[in-house]
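The values are calculated or read from the model by the stated rules, or taken from the named source; none is laboratory data. Values in this document were obtained by computation on a predicted structure and should not be read as measured data. Glycine also receives a Cβ, built like all others from the backbone with ideal geometry; neighbour counts cover every protein chain displayed.
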Amino acid sequence: MIIDAWAQHPTARHLQDPMFDSLRRWTKGALPPAGLPVSATIEAMDRAGIDISLISAWYAPRNVMISNDEVAGFVAEAPQRLVGVGSVDISKPMQAVGEIRRCVEQLRFKAIRVLPWLWEAPPTDRRFYPVYVACCEMGVPFCTQIGHTGPMMPSEVGRPIYLDRVALDFPELVIVGGHIGYPWTDEAIAVTTKHQNVYIDTSAYTVRRYPAALIDYVRGHGRAKVLFGTNYPMIMPQKALEGIEALGLEDDVKAMFLAENAQRVFKLGGRG
């Protein structure tokens, strides 16, 4: 079984935003020019053997690229294959808290994701703290981006060490840092090793680009702390998995990395 911990089923608004022009350079124009039918996402998953993808909403300042209701609609088209991840406008704390409750209670989403670089603020910023409280109360993980950004936005807010302060303030909060944390991967490993409820996902990197330190962590004492992710459609699932056998993971470690860790962290028992 394979679970993709970080994906998007994109809207045209999301794909066509100018902030992704730099990614088009890296992907050599591979990003689709407009929105996709849900069937296209399922076909991409099938080609890679991915059973479940967690697809997220995108909320930025004054701009909703993929709304929570749109995500819910996508999930409704393929409920055995797609799992919803909500997002919120952190500039409106009371509305954000109410929306998180709606995402979990009504839309049945399994996590909330907010990206620091979109808000040009680190996860220690006071605007994030109501989100953490709501996630703790609702029992869902908080997902975020760590490491440098592909879009031309400041990367410093993605330093993994910021999550150390968050995890100290909210030891009950499950945190998943996506995108490996490069160039601060050692920092990300240190934070996840220190805190029981902090995890890394490998989205935005193909297997062949995993840093050596991360591979050693997956093979060793971090086998329960790293989740597979793609960042689809920025990276196609099949491309993200190329070279997985070359990592030389033992069967039980490979199963944890590709599915079991995500099942446990996102409480996905019984799906698929």
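For segment 116-140, taking the residues that are in contact with a Phe, Trp or Tyr (Cβ under 8 Å, 6 or more places away or on another chain) and not in a helix (DSSP H, G or I), the one that is surrounded by the fewest Cβ atoms within 10 Å (Cβ to Cβ) is identified as Asp125.
For segment 39-62, filtering for residues that are closer than 24 Å to Ile100 by Cα and either in contact (Cβ under 8 Å) with a residue 40 or more places away in the chain or touching a Phe, Trp or Tyr at 6+ places or on another chain (Cβ under 7 Å) (or both) leaves 10. From Val88, Val83, Val97, grab the single residue that is crowded, with 22+ Cβ neighbours inside 10 Å and outside any strand (DSSP E or B). None of the other options fit; the residue is Val88. Within segment 50-77, being of a type in the set (D, E, K, R), modelled with pLDDT of 95 or more and over 30 Å from Lys254 (Cα atoms) holds for Asp69, Glu70.
Looking across Ala213, Ala240, one residue alone is of a type in the set (A, V, I, L, M), assigned to a helix (DSSP H, G or I), at pLDDT 95 or above and surrounded by fewer than 18 Cβ atoms within 10 Å (Cβ to Cβ). It is Ala213.
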